[in-house]
Amino acid sequence: MITKQITKVRRDSDGDITDVFASSARHKDWESISYAIRAIELRLATYFVVEDGTRAEVYALPRENPRYLTTSPDGTTSNNLDCLPSA
């Protein structure tokens with residue numbers, strides 16, 4: 001399984017996240033939300049965010065459609081996907 005860090009996001013005109021910039025030891029590229037969700041579902045990859053020294057794991061929720069990505073709750077908002085810089 002590959003571990004990837006999400007460092008920035010792309011948004012549509014409504015402000016919804018459409019893509020994440022994911023980096024692993026071997027690869028860095030934009031991935032669609034649906035691709036990242038599928039990679040999590042198939043256990044091909046895990047994702048995380050680090051902001052202000054705090055790491056948060058990324059999960060695909062809910063178990064049924066429509067699915068979305070979210071970070072683990074940890075008492076801070078700085079490592080939430082919505083707080084990452086947009087490209």
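A search for C-beta distances below 7 Å between a residue of region 53-64 that is closer than 12 Å to Glu41 by Cβ and any residue that is among the basic types (Lys, Arg) and modelled with pLDDT under 95, counting only pairs 6+ apart in sequence or on different chains, returns Ala60/Arg67; Leu61/Arg67.
Applying the selection to region 11-22, what residues are surrounded by 13 or more Cβ atoms within 10 Å (Cβ to Cβ) and over 11 Å from the mean Cα position of the chain (by Cα)? Correct list: Arg11 only.
Each residue in region 18-31 was checked for being at pLDDT 95 or above and farther than 16 Å from Pro85 by Cα, and 0 of them qualify. If I ask for residues that are farther than 16 Å from Thr3 by Cα, in contact with a Lys or Arg (Cβ under 7 Å, 6 or more places away or on another chain) and not β-branched (Val, Ile, Thr), which ones from region 17-60 would you list? The answer is Asp19, and nothing else. In this structure, is Thr70 touching a Cys at 6+ places or on another chain (Cβ under 7 Å) and without any contact (Cβ under 8 Å) to a residue 24 or more places away in the chain? Answer is no for this residue.
The values are calculated or read from the model by the stated rules, or taken from the named source; none is laboratory data. Quick caveat: nothing in here was measured; it's all calculated off a predicted structure. Don't worry about glycine lacking a Cβ; one is built from the backbone with ideal geometry, like all the others, and counts go over all protein chains shown.
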